[in-house]
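Visitor: Below is a structure I'd like to ask you about.
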Amino acid sequence: MSDPSKTNLITLTRHVFQDQVEHYKEASGDLTLLLTAIQLGCKFVASNVRKASLISMTGLANSSNVQGEEQKKLDVIANEIFVNALRSSNKVAVMVSEEDEEAIFVEDQYRGKYCVVFDPLDGSSNIDCGVSIGTIFGIYKVKDGSTGQISDVLRPGSEMVAAGYCTYGSCSTLVMTTGKGVNGYTLDTEIGEFILTHPDIQIPSRGKIYAVNEGNSKYWDGACTKYFHSLKFPEDPKKSPYSARYVGSMVADVHRTMLYGGIFCYPADSKSKNGKLRILYECFPMAFLVEQAGGRASTGRMRMLDVQPETIHSRSPIFLGSKEDVEDVEAYYKAQA
Ligand code: AHM
Ligand code: MG
């Protein structure tokens, strides 16, 4: 008899569908089908990322996105891949992408009951040198009686029904939650399936690593300056300083934080009054995942998932990761208030 773990693979699709049936008894399979479209997008983007340098897909696309940032060819391609995969899933009513100024309302004939907010290729400054990048997504269900409006996505992150990210690095791992814990699935490129490799991810309650763009320290406020100083020069002589790690790709930095613990930060500062990261498709999905893994996600002053986004591209400062580490930074903000 062969080893069942080698012949009875738990794919993402199988796992999510089983989970829906167990928890909701009459699962329609709609969320599973939507996640199939997202998986297709991730596999397609992973394949393009792997061969980008070989097929001249690095560099700029000679266009800029809504934030006035230059778009890479891969940003544009990844966005098209996800918009097409989501639209044709017949499960989506509204899409919000980092790359599109306006929300996309799906035509009547393709419209479903979910709204997907996403950053198709995050960490784009790392594309051309082959450093890890990723996709981030969050999913809402349209409100009762709605056929899909902007108010269906301008909602606190606590109302999301699912969220996840996919890393494109030394391997592609899709980490997601449907609100009952967090699981990670690694892409087996030979069979083209995401296989359950990281069941029930739990963030350690305290870590030893901090991630922040230290180059912005001259712009930090007092709370931030004191907090990061405390990590590097602990008052207790028996305590070791934290290690610094910063990839500059949120997906990679958050993935490490999910697995090893510690804290990932993108604070507000005097240069970026609301921080840099976008609430809907960067902060909320990551905050949802982190909380589901037993961690904490905060703006410094309030729970990230309770924020009410004003526009689809609004930004927020964010601190997420090990519960006790995030509580420490919140204490510095409380003391400053
Ligand atoms: P992007 O969406 O344009 O790629 O920007 C988001 C990225 C995040 O992945 C990362 O955490 C952050 O920007 C890094 O910013 P900085 O270079 O200012 O440290
Ligand atoms: Mg981004």
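The values are calculated or read from the model by the stated rules, or taken from the named source; none is laboratory data. As the structure is a prediction and not an experimental result, all values here were calculated from the model. Neighbour counts are summed over all protein chains in view; Cβ atoms, including those assigned to glycine, are modelled from backbone coordinates with ideal geometry. For accessibility, only protein heavy atoms count, side chains too; no ligands or nucleic acids. Shrake-Rupley method; radii C 1.70, N 1.55, O 1.52, S 1.80 Å.
Visitor: In region 104-126, how many are more than 16 Å from ligand 2 (Cβ to nearest atom) and over 16 Å from the mean Cα position of the chain (by Cα)?
Guide: Start the filter on region 104-126 by keeping residues that are more than 16 Å from ligand 2 (Cβ to nearest atom), which leaves 104-115.
Now restrict to residues that are over 16 Å from the mean Cα position of the chain (by Cα): 104-114.
Of the residues in that region, 11 qualify.
Visitor: A follow-up question, please. If a residue must be part of a loop (DSSP other than H, G, I, E, B) and either in contact with a Lys or Arg (Cβ under 7 Å, 6 or more places away or on another chain) or open to solvent by less than 40 Å² (accessible area, probe 1.4 Å) (or both), how many such residues does region 117-131 contain? Talk me through it step by step, then tell me what you get.
Guide: Taking region 117-131 as the starting set, the residues that turn out to be part of a loop (DSSP other than H, G, I, E, B) are 123, 130-131.
Within this subset, residues satisfying the condition of being either in contact with a Lys or Arg (Cβ under 7 Å, 6 or more places away or on another chain) or open to solvent by less than 40 Å² (accessible area, probe 1.4 Å) (or both) are 123.
Looking only at that region, the number is 1.
Visitor: Moving on. For region 92-102, how many residues meet the condition of being more than 16 Å from ligand 1 (Cβ to nearest atom) and open to solvent by 40 Å² or more (accessible area, probe 1.4 Å)? Give the steps one after another, and end with the answer.
Guide: Kept after step one, since they are more than 16 Å from ligand 1 (Cβ to nearest atom), are these residues of region 92-102: 92-95, 102.
Now restrict to residues that are open to solvent by 40 Å² or more (accessible area, probe 1.4 Å): 102.
Result for region 92-102: 1.
Visitor: Scan Thr167, Thr177 and give me the residue that is buried (at least 21 other Cβ atoms within 10 Å of the Cβ), of a type outside the set (Asp, Glu) and within 16 Å of ligand 1 (Cβ to nearest atom). Before the answer, list the steps.
Guide: Working: Thr177 fails: within 16 Å of ligand 1 (Cβ to nearest atom).
Exactly one of Thr167, Thr177 is buried (at least 21 other Cβ atoms within 10 Å of the Cβ), of a type outside the set (Asp, Glu) and within 16 Å of ligand 1 (Cβ to nearest atom), namely Thr167.
Visitor: Out of region 263-285, which residues are touching a helix residue (DSSP H, G or I) at 6+ places or on another chain (Cβ under 6 Å) and more than 11 Å from ligand 2 (Cβ to nearest atom)?
Guide: Listed by number, the residues that qualify are Ile263, Phe264, Pro267, Asp269, Ser270, Lys271, Phe284.
Visitor: Now, a different point. Being within 16 Å of ligand 1 (Cβ to nearest atom) and buried (at least 20 other Cβ atoms within 10 Å of the Cβ) is the filter; apply it to region 196-219 and report the residue that is farthest from Gln336 (Cα to Cα). Show your work before the answer.
Guide: Step one: of region 196-219, the residues within 16 Å of ligand 1 (Cβ to nearest atom) are 209-219.
Remaining after also requiring buried (at least 20 other Cβ atoms within 10 Å of the Cβ): 209-212.
Values: Ile209: 24, Tyr210: 21, Ala211: 22, Val212: 20 Å.
It comes out as Ile209.
Visitor: Among what's in region 103-151 and is of a type in the set (Val, Ile, Thr) and under 19 Å from Ala162 (Cα atoms), pick the residue that is nearest to ligand 1 (Cβ to nearest atom). Don't jump to the end; show me each part of the working.
Guide: First pass over region 103-151, keeping only residues of a type in the set (Val, Ile, Thr): 104, 106, 116-117, 127, 131, 133, 135-136, 139, 142, 147, 150.
Checking which are under 19 Å from Ala162 (Cα atoms) leaves us with 116-117, 135-136, 139, 142, 150.
Values: Val116: 17, Val117: 13, Thr135: 11, Ile136: 9, Ile139: 19, Val142: 26, Ile150: 21 Å.
Going through the qualifying residues, I end up with Ile136.
Condition check ((1) touching a Gly at 6+ places or on another chain (Cβ under 7 Å); (2) under 17 Å from Thr32 (Cβ atoms); (3) among the charged types (D, E, K, R)) across all residues:
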{"residue": "Met95", "(1), (2), (3)": "no, no, no"}
{"residue": "Glu102", "(1), (2), (3)": "no, no, yes"}
{"residue": "Asn126", "(1), (2), (3)": "yes, no, no"}
{"residue": "Cys171", "(1), (2), (3)": "no, no, no"}
{"residue": "Lys180", "(1), (2), (3)": "no, yes, yes"}
{"residue": "Gly184", "(1), (2), (3)": "no, no, no"}
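Visitor: Here is a further query. When both residues are 6+ apart or on different chains and their Cβ atoms are under 9 Å apart, which pairs have a first residue that lies in region 247-259 and is under 14 Å from Ile318 (Cα atoms) and free of Cβ contacts under 8 Å to residues at least 60 places away in the same chain, and a second that is more than 6 Å from ligand 1 (Cβ to nearest atom) and aromatic (Phe, Trp, Tyr)?
Guide: Final answer for the pair search is Asp253/Tyr246; Asp253/Phe264.
Residue-wise test of (1) assigned to a loop (DSSP other than H, G, I, E, B); (2) over 30 Å from Lys271 (Cα atoms).
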| position | (1), (2) |
| --- | --- |
| Gly164 | no, no |
| Ser170 | yes, yes |
| Leu174 | no, yes |
| Gly184 | no, yes |
| Ile195 | no, yes |
| Pro204 | yes, yes |
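Visitor: Of all residues in region 74-89, count the ones that are over 15 Å from Gln39 (Cα atoms) and either hydrophobic (A, V, I, L, M, F, W, C) or more than 18 Å from the chain's Cα centre (by Cα) (or both). First the steps, then the outcome.
Guide: First pass over region 74-89, keeping only residues over 15 Å from Gln39 (Cα atoms): 74-77.
This time we only want the ones that are either hydrophobic (A, V, I, L, M, F, W, C) or more than 18 Å from the chain's Cα centre (by Cα) (or both), so: 74, 76-77.
Final tally of qualifying residues: 3.
Visitor: Out of the residues in region 295-336 that are open to solvent by less than 20 Å² (accessible area, probe 1.4 Å), part of a helix (DSSP H, G or I) and out of contact with any strand residue (DSSP E or B) (no Cβ under 6 Å at 6 or more places or on another chain), which is nearest to Leu154 (Cα to Cα)?
Guide: Leu305
Visitor: Ile136 passes all but one of (1) β-branched (Val, Ile, Thr); (2) part of a strand (DSSP E or B); (3) more than 16 Å from ligand 2 (Cβ to nearest atom); (4) out of contact with any Ser or Thr (no Cβ under 9 Å at 6 or more places or on another chain); which number fails?
Guide: (3)
Condition check ((1) more than 30 Å from Asn183 (Cα to Cα); (2) away from ligand 1 (no atom under 11 Å from the Cβ)) across all residues:
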position	(1), (2)
Asp236	yes, yes
Val254	no, no
Asp269	yes, no
Val290	no, yes
Ala293	no, yes
Thr299	no, yes
Met302	no, yes
Ser316	no, yes
